[in-house]
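S.K.: This is the structure, below, for whatever I ask next.
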Amino acid sequence: MSGLSAEQYRLSGGETLELRAGAWDARNKTFANWDGVAGSYKMAPDGKIHVPIVGAVEVVGKTLDEVADTIASRMQRIVGLTELPAVSVEVSRYAPVFVGGAVTAPGQFDFIPGMTVEKALAIAGGYYRLPNEEGTQQTSLTRITGEINQLRGTASKLLQQEKRLEQEVQLYSAETLPDAVESQSSDPVQSKILSANIKVIKAELQSLKDLRVLLNEKISQLSEEIVLRDNQIELARKDLASMEHLKDKGLAVTTRVSSANTALNDLEAKRLQLEVARLDAQQRLNLASRDAATLFDRTRGEKLSELTEVKSKRFEVESRLELARKVYAETLSANSVDTTTQDSIVTPSYRISRLENGEMQSLDVDLNAFMRPGDSLTINLTISEPASK
């Protein structure tokens, strides 16, 4: 995959999409943007995005044009439009890639279109090497032992973080949050983070609920005022018609007709202001309803992304730990042999883990292979015994 054009790129999961929608208003000769639909949509774990009015839209495996066409067709059918609305879908952020194993700086990195294994290796700092410092064998063993202990501690912390994230993903898969949550992590820091995250979600749910209540009340009030204004407009029109009739018979002066006409125009202008205010409140209600409906899905998706990142980091740390253990064993087995006279043979290998058609594939590749969003690249260094001289 050398490019990611809208025509050929198929969404793989984890992308954030930017949606814009609107329609041409022939009467006013203006293009009306639909702010209640437009916005940024993070893909849910099930490979869908949830769009107001349209509902859930399957996007994984589809091109951006296919997603846009699906949304436009559903809008036309549901809203009852005579023509297809204008809908555009763009990728504002690709799923990240993960680079681990025997690299200097393993971790999560932003995907760049056209990224190859060689570029990903460069971004991760190149191949991992233990510091080449002068010193006795005992000093080298001490340094390697210190690094092993440090990597063990990091792996343990990542494991506890992984447990907390797995618990959060499970919690956000339900329809409601329980009143009390007991942390499954033995790390007190992760337990506090879990409690704080749950509290934030509950507060956001309550805030959205309160906002919807207020907006519904405002919409109801504005609707009542519009009905009242319509009644006043109807009376004003009758009054104007009556004045014009009397004027034709010479029983009313022009100033009275002009005054009645001005009063009617004023009522119609105020009625239009009320209608605009109601439409604005309705759009805000749509946004609040969308946020409430997708809060758990969005949060679960974010936690799944974090969980993927933490799992990748732990795998990277454990890979480095295994490598450090191998170096330690080789240094120890060398005993008093002068290793500066030996040439070790290091052979790199590259493996990409990729989700393909719902299944995780493991691919052995070379430096020129292209990567895709969401790929995990693992680099291993095989250390061979030096040839005897």
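The values are calculated or read from the model by the stated rules, or taken from the named source; none is laboratory data. Just so it is clear, the model here is predicted, and its values are computed rather than measured. Note that we place each Cβ from the backbone using ideal geometry, even for glycine, and neighbour counts take in every protein chain shown. The area values use the complete protein model at the heavy-atom level, side chains included, leaving out ligands, DNA and RNA. Shrake-Rupley method; radii C 1.70, N 1.55, O 1.52, S 1.80 Å.
S.K.: If you go through the range 235-254 one residue at a time, do you hit one that is closer than 18 Å to T299 by Cα, modelled with pLDDT of 90 or more and of a type in the set (A, V, I, L, M)?
M.R.: No, that holds for no residue.
S.K.: Further, regarding this structure: Within the range 69-78, which residues are open to solvent by 60 Å² or more (accessible area, probe 1.4 Å) and touching a strand residue (DSSP E or B) at 6+ places or on another chain (Cβ under 9 Å)? Working first, answer last.
M.R.: So in the range 69-78, the residues open to solvent by 60 Å² or more (accessible area, probe 1.4 Å) come out as 69, 74, 77-78.
Scanning the range 69-78 gives D69, R74, I78.
S.K.: Looking at the range 19-40, which of its residues are among the basic types (K, R), farther than 19 Å from V91 by Cβ and either open to solvent by less than 70 Å² (accessible area, probe 1.4 Å) or assigned to a strand (DSSP E or B) (or both)?
M.R.: Within the range 19-40, the subset among the basic types (K, R) is 20, 27, 29.
Filter again for farther than 19 Å from V91 by Cβ, leaving 27, 29.
Result: no residue meets the conditions.
S.K.: Name the single residue that is modelled with the highest pLDDT among those in the range 44-67 being over 26 Å from E359 (Cα atoms) and surrounded by 16 or more Cβ atoms within 10 Å (Cβ to Cβ).
M.R.: Filtering first and then ranking leaves V51.
S.K.: So which residues in the range 175-195 are assigned to a loop (DSSP other than H, G, I, E, B), in contact (Cβ under 8 Å) with a residue 12 or more places away in the chain and either at positive phi or not charged (D, E, K, R) (or both)?
M.R.: Of the residues in the range 175-195, the ones assigned to a loop (DSSP other than H, G, I, E, B) are 175-187.
Pick out the ones that are also in contact (Cβ under 8 Å) with a residue 12 or more places away in the chain and you get 175, 177, 181, 183-187.
Selection gives L177, V181, S183, Q184, S185, S186.
S.K.: Take T16 and tell me if it is over 19 Å from the mean Cα position of the chain (by Cα) and either open to solvent by less than 50 Å² (accessible area, probe 1.4 Å) or without any contact (Cβ under 8 Å) to a residue 40 or more places away in the chain (or both).
M.R.: No; evaluated as a whole, the condition is false for this residue.
S.K.: Test K249 against the criterion of being closer than 29 Å to R278 by Cβ and open to solvent by 90 Å² or more (accessible area, probe 1.4 Å), and give yes or no.
M.R.: In short, no.
S.K.: So which of K209, K202 ends up being free of Cβ contacts under 8 Å to residues at least 60 places away in the same chain, closer than 25 Å to E302 by Cα, of a type in the set (K, R) and out of contact with any helix residue (DSSP H, G or I) (no Cβ under 6 Å at 6 or more places or on another chain)?
M.R.: Going through K209, K202 in turn, just one is free of Cβ contacts under 8 Å to residues at least 60 places away in the same chain, closer than 25 Å to E302 by Cα, of a type in the set (K, R) and out of contact with any helix residue (DSSP H, G or I) (no Cβ under 6 Å at 6 or more places or on another chain): K202.
S.K.: Between a first residue in the range 276-300 that is farther than 15 Å from Y41 by Cβ and a second residue that is aromatic (F, W, Y) and open to solvent by 40 Å² or more (accessible area, probe 1.4 Å), which pairs have beta carbons less than 9 Å apart while being 6 or more apart in sequence or on different chains?
M.R.: Q283/W34
S.K.: I would also like to ask the following. Report the residue count in the range 176-201 for those that are within 20 Å of the chain's Cα centre (by Cα) and charged (D, E, K, R).
M.R.: The total comes to 0.
S.K.: Name the residues in the range 87-107 that are open to solvent by 50 Å² or more (accessible area, probe 1.4 Å) and either at pLDDT 90 or above or acidic (D, E) (or both), would you?
M.R.: E90
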